[in-house]
Amino acid sequence: MEKFRQEIARKLAPLLNMSSEAARALMEVPPNPAWGDIAIPCFSFAKTLRKAPQAIALDLAKAADFGGLASSVEATGGYLNLTLEKAAVTRHIMQGILQDGASFGFTNKGAGKTVVIDFSSPNIAKPFGIGHLRTTVIGHSLSRIYSELGYRVVRVNHLGDWGTQFGKLIVAYKLLAKDDELISDPIGTLFRIYVEFHRRAESSPELLEEARVWFRRLEEGDEEARSLWQRFVEVSLKEYQRVYDLLGVEFDYWLGESYYEPLLASTVAAVEAQDLTTVSDGAVIVDLADYGMPPCLLRKTDGATLYATRDIAAALYRDKKHHPELMLYVVGQEQTLHFKQVKQVLTLMRTPAGEKLVHVPFGLFKFPEGKMSTRQGNVIFLEDVLARAVDLALVVIHAKNPELENKRDIAQHVGVGAVVFGDLKHGRIKDVLFDWDEMLNFDGETGPYVQYTHARACSILRKAAVAPALSDEAALTDEYALPLIKLLGEFPQIIARSASEYEPSVVARYVLDVAALFNRYYHNVRILGGEKDASATRLAVVLATQRILARGLYLLGVTAVDKM
Ligand code: ARG
């Protein structure tokens, strides 16, 4: 479709006295498909041309020659409405999808460019809770979307493996844990003692002082502190890997906050050298009052550095190492102020990293029980949620398709897909209320619904006696095929838009729309059997839909199963 819009824009440009890009930008999609495929509002020309918009639209309709591209051109209410020639459009879209195989969504927009995506980034010694689901699946999906556009994507897991909490953990460990517990149930143990530490610290505040001392020792490289910390990191990573395997998530770099420790002195010095710091009560800060923000704390009175210091160092490091065009941080919206401060400090340092840093925030994942916090100990483990989703999917599959082979494997993809899709179909910034029934409903707006539709397309293709071919024009332009094919043709624009808005939900909503139109097609059109050319052409429509659904699901990080 885009090719046609651009072609039309090229023909209109000289008449409108503007570039074809500007003419393209003017185009709207008519609110009612019956009015056509493209609407060009003429209101903005009224002043310079001293004519009524409707008169301008009429002039354009008369003057323009769109060759065989448009089947109808009409002036209505100040708009020039165009209907594209449906045989040409559908053939073009179908040929593109069938020839290009997996790469039809690809544009070269990102060629030669790099984007660094910081996502997931759980905190060592804490369970991989539901709280880190959103960053993980949004970041994973964005990394696939940007790759699809031709970008080189650098996926970074910025593990929370540094900070004063490790002092607390060391004290708690020495006080409360036994070594064999750390082997049998590592994170459970670390989590339990961390919670217990906070409980005890309420009545024995000296524990907090002890923790501070231990963190200092860790920062100074004390051997005992280091080796305990190392163990906490190792056991945590092992557990996280299980969750990543379930979700199919991978990273190019696992660089925790500790990695930047050796760079912090020079980072703080670089900020100081630009005269940006002040010392307040012995702490080093960057005053951001001029920007309506509280100061950014770089070094505490006791010399310890902070989360922000490490993020400034990490941003400078990433910029230097990868030369990205963009650095995305997929982190909950509760950290908005933090990233604004970090970006502001980088901008004041006049490094390009400031401009490149983009915080991609998102709302909370809410369980009916309310918000979860690690300190109170009522965290919901992501692994448990995924396991439960898989069990529930298995029950549905048993009921729906008792003959199916490999039910467990399929249930795994469906259950996990339900959770991932249930997250990604919502605009990022909204809070998501977790609802098992809604997520797993095979007929709702869900991952399983799209997977099921994809499997249905696969099953038709398996049963086909003729090969897909574009042999019957009428079968591409009937009332069921036409809207479906037009929608398939929007896939490249959908990918581009989801990237520029950092919104996987754009792709999720799109695959839902494709699935709905395909199911309407399936219920109304005789695909198998019937006249040979028509059947071959309809199978081509099924094949094109199957490919787009598979690719769309892939971009979301959901597996497209071919049977279920
Ligand atoms: N570990 C942090 C948390 O769980 C997220 C880190 C995000 N990335 C960053 N560069 N700050 O809240």
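The values are calculated or read from the model by the stated rules, or taken from the named source; none is laboratory data. Everything numeric here is computed off the predicted structure, so don't read it as measured data. Using ideal geometry, Cβ is built from the backbone for each residue, glycine included, and neighbour counts are taken over all protein chains shown.
Inside the range 291-305, can you point out the residues that are in contact with a strand residue (DSSP E or B) (Cβ under 8 Å, 6 or more places away or on another chain) and either modelled with pLDDT of 95 or more or outside any loop (DSSP other than H, G, I, E, B) (or both)? I'd like the intermediate steps shown before the answer.
Residues of the range 291-305 that are in contact with a strand residue (DSSP E or B) (Cβ under 8 Å, 6 or more places away or on another chain), as a first pass: 295-301, 305.
Scanning the range 291-305 gives 295, 296, 297, 298, 299, 305.
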Of (1) surrounded by 20 or more Cβ atoms within 10 Å (Cβ to Cβ); (2) over 28 Å from the mean Cα position of the chain (by Cα); (3) within 16 Å of the ligand (Cβ to nearest atom), residue 263 fails just (1)
Inside the range 184-193, the number of residues satisfying the requirement of being assigned to a helix (DSSP H, G or I) and either over 32 Å from the mean Cα position of the chain (by Cα) or of a type in the set (Gly, Ala, Ser) (or both) is 5
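Here is a yes/no grid of residues against (1) in contact (Cβ under 8 Å) with a residue 24 or more places away in the chain; (2) touching a strand residue (DSSP E or B) at 6+ places or on another chain (Cβ under 8 Å); (3) closer than 27 Å to residue 544 by Cα:
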site: 94; (1), (2), (3): yes, no, yes
site: 98; (1), (2), (3): yes, no, yes
site: 124; (1), (2), (3): yes, yes, no
site: 129; (1), (2), (3): yes, yes, no
site: 135; (1), (2), (3): yes, yes, no
site: 139; (1), (2), (3): yes, yes, no
site: 145; (1), (2), (3): yes, no, yes
site: 148; (1), (2), (3): yes, no, yes
site: 166; (1), (2), (3): yes, no, no
Scanning the range 385-436 residue by residue, those in a loop (DSSP other than H, G, I, E, B) and within 28 Å of residue 361 (Cβ to Cβ) turn out to be 425, 426, 427, 428, 429, 430, 431, 434, 435
Out of (1) modelled with pLDDT of 95 or more; (2) within 13 Å of the ligand (Cβ to nearest atom); (3) over 17 Å from residue 358 (Cα atoms), the one residue 270 does not meet is (2)
Of the residues in the range 316-339 that are part of a helix (DSSP H, G or I) and within 8 Å of the ligand (Cβ to nearest atom), the one that is farthest from residue 262 (Cα to Cα) is 335
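Yes/no matrix, rows are residues, columns are (1) among the basic types (Lys, Arg); (2) surrounded by fewer than 20 Cβ atoms within 10 Å (Cβ to Cβ); (3) free of Cβ contacts under 8 Å to residues at least 24 places away in the same chain:
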{"site": "411", "(1), (2), (3)": "no, no, yes"}
{"site": "423", "(1), (2), (3)": "no, no, no"}
{"site": "457", "(1), (2), (3)": "no, no, no"}
{"site": "470", "(1), (2), (3)": "no, yes, no"}
{"site": "478", "(1), (2), (3)": "no, yes, no"}
{"site": "485", "(1), (2), (3)": "no, no, no"}
Taking the range 340-380 and the residues there that are in a strand (DSSP E or B) and at pLDDT below 85, the one that is nearest to the ligand (Cβ to nearest atom) would be 365
- Message: So for the range 7-17 (the condition being crowded, with 19+ Cβ neighbours inside 10 Å, under 36 Å from the mean Cα position of the chain (by Cα) and at pLDDT 90 or above), does at least one residue qualify?
- Response: yes
Considering the range 239-260, residues that are under 23 Å from residue 115 (Cα atoms) and assigned to a helix (DSSP H, G or I), and then whichever is nearest to the ligand (Cβ to nearest atom), we arrive at 257
For the structure I just gave you, tell me whether residue 360 is crowded, with 20+ Cβ neighbours inside 10 Å and either free of Cβ contacts under 8 Å to residues at least 12 places away in the same chain or over 25 Å from residue 277 (Cα atoms) (or both). yes
By residue number, the members of the range 261-278 that are in a helix (DSSP H, G or I) and among the aliphatic types (A, V, I, L, M) are 263, 264, 265, 268, 269, 270, 271, 273
Item to complete: Could you please let me know if residue 308 is touching a Ser or Thr at 6+ places or on another chain (Cβ under 6 Å), within 14 Å of the ligand (Cβ to nearest atom) and not in a loop (DSSP other than H, G, I, E, B)?
Response: no
Counted residues in the range 111-136 being farther than 22 Å from residue 190 by Cα and either small (Gly, Ala, Ser) or within 12 Å of the ligand (Cβ to nearest atom) (or both) come to 9
Worksheet item: Just a yes or no: is a residue in the range 72-85 in a helix (DSSP H, G or I), surrounded by 22 or more Cβ atoms within 10 Å (Cβ to Cβ) and more than 16 Å from the ligand (Cβ to nearest atom)?
Response: no
All conditions in (1) closer than 30 Å to residue 217 by Cα; (2) among the basic types (Lys, Arg); (3) in a helix (DSSP H, G or I) are true of residue 126 except (3)
Going through the range 500-559 in order, the residues found to be surrounded by 22 or more Cβ atoms within 10 Å (Cβ to Cβ), of a type in the set (Val, Ile, Thr) and part of a helix (DSSP H, G or I) are 507, 511, 514, 537, 541, 542, 545, 548
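So, residue 155, is that one assigned to a strand (DSSP E or B), within 19 Å of residue 330 (Cα to Cα), within 15 Å of the ligand (Cβ to nearest atom) and among the basic types (Lys, Arg) or not? Steps first, please.
Working: assigned to a strand (DSSP E or B): yes; within 19 Å of residue 330 (Cα to Cα): yes; within 15 Å of the ligand (Cβ to nearest atom): yes; among the basic types (Lys, Arg): yes.
So residue 155 fits the description; yes.
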For this session: Go through the residues of the range 202-209 one by one and say whether even a single one is in contact (Cβ under 8 Å) with a residue 40 or more places away in the chain, farther than 19 Å from residue 313 by Cβ and part of a helix (DSSP H, G or I).
Result: yes
Residue hits (the range 158-172; among the small types (Gly, Ala, Ser) and in a helix (DSSP H, G or I)) are 167, 172
